[in-house]
1. Could you give me the residue pairs with C-beta distances under 6 Å whose first residue belongs to region 120-133 and is under 16 Å from residue 385 (Cβ atoms), whose second residue is part of a strand (DSSP E or B) wherever it lies, and which are 6+ apart or on separate chains?
2. Of (1) crowded, with 23+ Cβ neighbours inside 10 Å; (2) over 16 Å from the mean Cα position of the chain (by Cα); (3) not in a helix (DSSP H, G or I), residue 113 satisfies all except one. Which?
3. As an exercise: evaluate residue 310 against (1) in contact with a helix residue (DSSP H, G or I) (Cβ under 9 Å, 6 or more places away or on another chain); (2) modelled with pLDDT of 95 or more; (3) in a helix (DSSP H, G or I) and give the number of the one condition it does not meet.
4. Can you confirm whether region 337-348 contains a residue that is surrounded by 13 or more Cβ atoms within 10 Å (Cβ to Cβ), at pLDDT 95 or above and closer than 28 Å to residue 150 by Cα?
5. Only residues that are farther than 19 Å from residue 59 by Cβ and surrounded by 19 or more Cβ atoms within 10 Å (Cβ to Cβ): list them for region 129-140, please.
6. Out of 235, 172, which single residue is surrounded by fewer than 17 Cβ atoms within 10 Å (Cβ to Cβ), part of a helix (DSSP H, G or I) and in contact (Cβ under 8 Å) with a residue 24 or more places away in the chain?
7. Name, by its number, the condition in (1) in contact with a helix residue (DSSP H, G or I) (Cβ under 8 Å, 6 or more places away or on another chain); (2) closer than 23 Å to residue 91 by Cβ that does not hold for residue 172.
8. I want to confirm something. Restricting to region 151-169 and keeping residues that are assigned to a loop (DSSP other than H, G, I, E, B) and buried (at least 20 other Cβ atoms within 10 Å of the Cβ), which single residue is modelled with the highest pLDDT?
């Protein structure tokens with residue numbers, strides 16, 4: 001059995017699915033310059049900073065933008081727990097065990113996460129009650145933005161995540177085949193010591209995967225300067241795979257375009273760099289185990305997903321969807337596929353298995369792309385299965401179609 005340990009951001013998403021980013025009300029609260037506390041399309045702002053920018057409470061800002069309407073959905077959110085749930089859901093038939101480590105408040109929001117996540121195959125023994133309220137995010141979504149591609153804007157209350165530390169992970173976290181650190185910029189005690197966590201995980205033999213999130217805290221501290229990812233860039237050599245979107249990649253590396261960003265990651269010692277770009281091609285390259293050396297790759301999004309958005313076909317016909325959680329599900333699909341391939345290697349010694357692996361990156365990117373696209377069919381990042389294995393069954397036709405689309409005969 002392959003094991004995946006996941007830590008990072010877990011929160012409650014309050015989703016508003018029909019916001020017009022071109023409206024006068026939204027424009028009134030848009031950022032004027034980096035780090036000023038205003039709303040950013042595709043970016044995140046902390047609630048207290050938005051209040052300082054707007055001169056009023058977040059509830060008043062929200063009322064100006066959406067009126068008196070309630071959220072369209074309330075769902076489990078956060079890059080780490082959403083990716084973990086997806087990996088657990090699709091891994092149920094493959095003997096993949098996924099465990100989440102993090103913190104929540106002693107409140108109804110935290111209980112909601114436990115109830116909902118408890119209905120999935122995800123292990124929650126490492127999800128502890130901490131100090132302060134459960135973290136939450138208001139997600140404003142404009143499905144018509146960018147010619148119908150859609151985009152979101154996030155207002156985050158960090159809550160109990162301020163108090164989570166690397167000491168709380170414990171050795172059980174590192175006893176895994178894969179260690180995924182996702183959205184740690186929303187968990188400062190982890191993010192500021194991520195270099196230590198990565199070194200510990202690699203020493204234990206885990207494949208280290210880092211998934212990023214918009215780092216408003218560091219953007220505000222040093223507007224325009226590159227965001228720290230894992231201490232100094234010397235620590236990047238302990239990252240086997242980094243997955244980031246285009247904006248975050250440019251902010252972290254200081255690069256001017258995605259190809260330069262990939263080069264910067266690889267030159268810094270990262271094993272493989274993967275950059276998502278919404279409806280545009282994923283750009284990626286791998287230079288060492290556990291993935292094969294690949295050269296620069298560009299993979300398109302799923303044509304079948306886009307077709308079903310255009311014609312209303314597929315299993316979600318008539319339902320409202322959004323792009324919330326697409327990147328998180330992308331990461332979840334990737335680490336699940338990685339776990340399956342590591343498990344097939346037939347050796348239990350983790351360091352040897354990791355360093356000897358020669359996995360085709362496309363075998364991981366294919367389910368990642370499809371998983372990310374599939375998440376756009378429903379509101380929020382977490383799909384609520386009616387029965388175990390349902391999500392994998394719904395994904396299967398899209399996986400087959402995508403394999404045919406890109407001409408890939410891998411697993």
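1. Final answer for the pair search is 122/98; 122/100.
2. Going through the list (1) crowded, with 23+ Cβ neighbours inside 10 Å; (2) over 16 Å from the mean Cα position of the chain (by Cα); (3) not in a helix (DSSP H, G or I), residue 113 breaks only (3).
3. Tallying (1) in contact with a helix residue (DSSP H, G or I) (Cβ under 9 Å, 6 or more places away or on another chain); (2) modelled with pLDDT of 95 or more; (3) in a helix (DSSP H, G or I), residue 310 fails exactly one: (2).
4. yes
5. 130
6. Numbers: 235 fails: surrounded by fewer than 17 Cβ atoms within 10 Å (Cβ to Cβ).
On inspection, the qualifying residue turns out to be 172.
7. That leaves (1) as the condition not met.
8. Restricting attention to region 151-169, the residues satisfying the condition of being assigned to a loop (DSSP other than H, G, I, E, B) are 158, 164-165, 169.
Cutting the leftovers down to buried (at least 20 other Cβ atoms within 10 Å of the Cβ) gives us 158, 164, 169.
Numbers: 158: 92, 164: 95, 169: 92.
Checked region 151-169; the qualifying residue modelled with the highest pLDDT is 164.
The values are calculated or read from the model by the stated rules, or taken from the named source; none is laboratory data. Given the structure is predicted, the values throughout are model-derived calculations rather than measurements. Note: ideal-geometry Cβ built from the backbone for every residue, glycine included; neighbour counts use all protein chains shown.
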